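Enquirer: Sending over a structure as structure tokens; questions will come in a sec.
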Amino acid sequence: MALDSVTIIGAGRLGRALAAALADRGTGVRGPFRRGEWEDSLSENEIVLLCVPDGEIARAARSISVDAVVGHCSGSMTLEPLLPHRGFSLHPLLAITGDGTRFDGAAAAIAGTTEETLDIARELALALRMEPITVAGVDRTMYHASAVLASNYLVALEETAAILGASVGLERRHLAKLAESALANWARDGAASLTGPIVRGDAAVIARQRDAIAIAFPRLLHFWDALTDRTRSIAAELKS
């Protein structure tokens, strides 16, 4: 099936970003449509991409002609909510920032109920200049957990660092520069990029830090301890 045009249902951040990016790459785009706007407007054999919350995928799919090819953009869901349609999924491994999001170079987890629909997902990813990676349904939960750690939990980590930093006059931009450099080093060198008192074995510094947090931010101590334990494990693996 030729990828001449795509109908996008869901006018949130992702739907708008995909519609704009695909249009920029020369793909015909209908939408993005909001809830209720697409009923009775879809033709047979049309390619439809659902950019809706996970809980709405099955309901949205049921409103579409069974002859259409239907895809979703969920990272955690299998293709089951799309049945009996010929289905596919396309999940950009990227933090979507808005209509101007650039998808170039990001990975995209794809799946399809048939080789035809898998090819459609792959072609969409390539049209966006993403790297398509096939992720089976049985692996979706672990795939999504990895993505959550790399993005959502990273924000939680940096927001916690900002709470500590603000108490001594550090601004978010100061910590962001440090985080960007650490992330760039990790992308290049992996665990070998680890720096700081734990990998150096500086027990006195580690103890003073923990004492300071226990006094000033006791509610964060369990979080600090968990990260300390995990970092110790990585440091030990580096030395083994």
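Nothing in this text is a laboratory measurement; each read-out follows from the coordinates by a stated rule. Keep in mind that what you see is a predicted model, and the values were worked out from it rather than measured. Positions of Cβ are generated from backbone atoms using ideal geometry, with glycine treated the same way; all protein chains shown enter the neighbour counts.
Enquirer: State, in angstrom, two size descriptors of the chain derived from its alpha carbons: Rg to one decimal place and Dmax to the nearest whole number.
Expert: Cα only, the chain: 22.2, 69 Å (Rg, Dmax).
Enquirer: As a check on your grasp of the helix formula, calculate [θ] at 222 nm for the chain: sum -39500 (n - 2.57) over DSSP H runs of n ≥ 4, divide by the residue count, round to the nearest 500.
Expert: Estimated from H runs of four or more residues: -14500 deg cm²/dmol.
Enquirer: So, in nm, how far is label Leu157 from label His222 when the simple model puts each one 7 Å beyond its Cα toward the Cβ?
Expert: Computed distance between label sites Leu157 and His222 equals 2.0 nm.
Enquirer: May I ask for the equivalent-ellipsoid semi-axes of region 5-136, computed as the square root of five times each C-alpha gyration tensor eigenvalue and listed largest first in whole Å?
Expert: Equivalent ellipsoid of region 5-136: 20, 17, 13 Å, largest first.
Enquirer: Here's another thing I want to ask about it. Given R₀ = 22 Å, FRET efficiency for Leu183-Glu237 by Cβ-Cβ distance, to 0.05?
Expert: FRET efficiency, Leu183 to Glu237: 0.65.
Enquirer: Once the dipole of the chain is set up with Lys and Arg at +1 and Asp and Glu at -1 on Cβ about the Cα centre, which of Met142, Gly169, Ser193 lies farthest towards its positive end?
Expert: After comparing all options, I get Gly169.
Enquirer: When only Cα pairs under 8 Å and 6 or more residues apart are kept, what is the percent relative contact order across region 150-239?
Expert: Rounded, it is 20 percent for region 150-239.
Enquirer: Within the P(r) computed for region 113-240, what percentage of the Cα pairs occupies the region above 20 Å?
Expert: Looking at region 113-240, the distances longer than 20 Å represent 62 percent of pairs.
Enquirer: Below 14 angstrom from the Cβ of Leu238, what's the summed charge of the other residues (Lys, Arg +1; Asp, Glu -1)?
Expert: In short, +2.
Enquirer: Out of the DSSP beta bridges found with both residues in region 37-162, what percent are antiparallel (nearest 5)?
Expert: Roughly 30 percent of the beta bridges in region 37-162 run antiparallel, per DSSP.
Enquirer: Arranged by the count of other C-beta atoms within 10 angstrom, fewest first, what order do Leu170, Leu49 take?
Expert: Leu170, Leu49
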